[in-house]
Every structure is written in structure tokens, then in C-alpha cells.
Amino acid sequence: MSAEGGSKAIAAALGANLGIALAKFVAFAFTGSASMMAEGVHSIADSGNQGLLILGRSRSRRAETSRHPFGYGRERFFYAFIVAVVLFTVGALFSLYEGWHKISDPHDIDDPIWAFGVLGLGILLEGYSFRTAIKESNLTRGKQSWVTYIRRARAPELPVVILEDFAALIGLVVALVCVGLAVITGDGVWDGVGSVVIGLLLAFVAIVLAVETKSMLIGESAVGEIEKKIVAELESVEEIDRVIHLRTLHIGPEELLVAVKIAVTSDDTAAEVARGIDAAESRIREAVPEARHIYIEPDLDRARSRPENAG
């Protein structure tokens, strides 16, 4: 994922959510709709989430220090995890509470035209934001399904924006339907039902985001295609017999730590081994630019040198 693409998606989502939040709270003031209140809080939470993603990107660019020798790339994972927490606590729990309150004590919706107008505007703005995120994601998604892309993406911003915008669009449609039912039937319970559905939807999205970003915080390896490419580059070096084992770790969305043990023959001199290691590092960096830190340990290929009749 390009930094420019992620920035475009975040900026589009932030602008859309701020505009929608203002419109929703104006509509809530005129209608008293719980669904509108839930959607307004949802948009405020989403706006804050985009701010957190921007902050994470900014802080991740800080230079390496003696205390943090591998830099601050994982700050982007941390702030994406905070986004999931905010979405659950502020968005989902508040919407569920408002829904329960409205179902327990239903009220008629005043001036429903305000609600319909704002929800229609919200669908247009969220649709623009969602379209931008989809367009930017398609630049790197390739032939992967959307589920696979969200699960395998190492940069958190686009998957977060896609899931938030998807939840927002579904929530707006749910609010539109439930407000419409409340107006048609004259039963304010439908408004509360809409708020509950929105709350459950936000809780589901928040849990998905939390699970995915937690995995990156703990530490994930490079995807299989990248590791195969690294092994191929290593074994293409004349001085390297084979790769004994390889370990990779994402220390940031576009930063990869590579640790590998290679097999060399007992006849190789130290100068030949060093030359092979230098060549291997150069080839890896050219093939996998995100491999920022590479550690190669040479060892004798004991498995191949062992006698065939050895136990």
C-alpha cells in the first residue's frame, strides 16, 4: 500500500465523517431520533479514528534511537488497535444503550424530513469515502478477495477505513429503514431497533479490527510469497548451498526484519563466505525493498555432511 493512497483514503473519510456528524446532530436536534443520535456518535468516533490513524502514521516516521533500534513502525499497528477500541466503546456500546433506552421508552419522531435528508446526504458522502478507499486498495489488492486482503494487509490504514466506511453505509441504510418504519407505523420502537442493529454492526467490525491489529502488534511474518522470494534470492548466490531456516518479522507495515541461517561448505574461506553474504544482502534488498534489517548466519550443512549409515 502506498503512503499516498492511504493518505487519500484517510483524508476522504475524515472529511466525510466530519460533515456527516454535523448534519446528523442537527437532524437529531429537530427529530429526537435515537438512530440519528447513534449515527451522529458513530460519525464522531469515526472522525476521531481517522485522526488516530494520521497520528500513528506521523509518529511511525520518527528516526531510530538507541532505545528503539528498529524504529517506530509498529506505532501504526498500535493506533489502529486503539481505533478498534474506540469504535467498540464509543460507537457500539453507546448505540446499544441508546437503542435499549428508546425501546424501553419509545417516542415519536418529530420532523422526519430532517432525518431522511441527512441520512440521504450521509449515504452520498460515505459512498464517496468508501469509493476512494476501494479505489486505492485495488492498486495493491491484486486478485485477492476482500476478506483475504483485509486479513493479509500489513498496512492497517486502508483495511480500517474500508471496514469503517462499510459499517457506516450499512448503518445509514438501517437507520433510514428504521426511521421510515417508525414514521409509517407511528411506533418509536423501530427507531430503537435501528440503534441496536447499528450497535451490533459496529461491535462486529470493532472485534474484526481488534483481532487483525492485535496479531500485527504481537508480530507477524512476511506473507508466503515474500519469504519464497527471499529464499530464491539467497539460494541463487554461488557461495550459499541452501537456506537452513528463515525467520521474518514485520517491525512496521513497510519494514521487514530478516534473520536467516545459511549452509556453506567446509572448504569455503572466511572471505568467500563474507562475499556470499554481501551478495545475498544486496539481492534481497533489491528484490524485497521492505527488508530493512537483514541478519545472515553461516553454518556448515551438517544434515548433508552426515554419513548415510549414521543413526
A careful count of residues in segment 265-293 that are crowded, with 19+ Cβ neighbours inside 10 Å and hydrophobic (A, V, I, L, M, F, W, C) gives 5
When restricted to S145, S60, the only residue within 25 Å of the chain's Cα centre (by Cα), farther than 25 Å from A16 by Cβ and of a type in the set (S, T, N, Q) is S145
Here the qualifying pairs (Cβ atoms under 7 Å; residues six or more apart or on different chains; first in segment 267-295 and under 16 Å from E233 (Cβ atoms) and touching a residue at least 12 places away in the same chain (Cβ under 8 Å); second surrounded by 14 or more Cβ atoms within 10 Å (Cβ to Cβ) and among the small types (G, A, S)) come out as I284/A291; Y295/A259
Result of the Cβ filter at 6 Å on segment 9-29, keeping first residues that are without any contact (Cβ under 8 Å) to a residue 60 or more places away in the chain and partners that are surrounded by 15 or more Cβ atoms within 10 Å (Cβ to Cβ) and among the β-branched types (V, I, T), at least 6 apart or interchain, is A21/I44
The number of residues in segment 132-163 that are charged (D, E, K, R) and either more than 20 Å from N49 (Cα to Cα) or surrounded by fewer than 17 Cβ atoms within 10 Å (Cβ to Cβ) (or both) is 5
*Within segment 183-191, identify whether any single residue is modelled with pLDDT under 85 and farther than 30 Å from A168 by Cα, and answer yes or no.*
no
All conditions in (1) under 24 Å from G127 (Cα atoms); (2) modelled with pLDDT under 85; (3) surrounded by fewer than 24 Cβ atoms within 10 Å (Cβ to Cβ) are true of L87 except (3)
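Within segment 184-199, is even one residue over 17 Å from the mean Cα position of the chain (by Cα), among the hydroxyl-bearing types (S, T, Y), in a helix (DSSP H, G or I) and in the same structural domain as K24 (by TED's automatic domain parsing)?
First, the residues of segment 184-199 that are over 17 Å from the mean Cα position of the chain (by Cα): 184-199.
Narrowing the set further to residues that are among the hydroxyl-bearing types (S, T, Y) leaves 185, 195.
Now narrow it down to the ones that are in a helix (DSSP H, G or I): 185, 195.
Right, trim to in the same structural domain as K24 (by TED's automatic domain parsing) and you get 185, 195.
Yes; the residues of segment 184-199 include at least one that is over 17 Å from the mean Cα position of the chain (by Cα), among the hydroxyl-bearing types (S, T, Y), in a helix (DSSP H, G or I) and in the same structural domain as K24 (by TED's automatic domain parsing).
Just the residues that are among the polar types (S, T, N, Q) and over 15 Å from A167 (Cα atoms), please, taken from segment 4-43. Spell out how you get there, then give the answer.
Narrowing segment 4-43 to residues among the polar types (S, T, N, Q): 7, 17, 31, 33, 35, 43.
Those that are among the polar types (S, T, N, Q) and over 15 Å from A167 (Cα atoms): S7, T31, S33.
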V237 meets each of (1) outside any helix (DSSP H, G or I); (2) in contact with a strand residue (DSSP E or B) (Cβ under 7 Å, 6 or more places away or on another chain); (3) not acidic (D, E) with one exception, condition (2)
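The values are calculated or read from the model by the stated rules, or taken from the named source; none is laboratory data. This one's a predicted model, so the numbers in the text were calculated from it and none came from an experiment. Don't worry about glycine lacking a Cβ; one is built from the backbone with ideal geometry, like all the others, and counts go over all protein chains shown.
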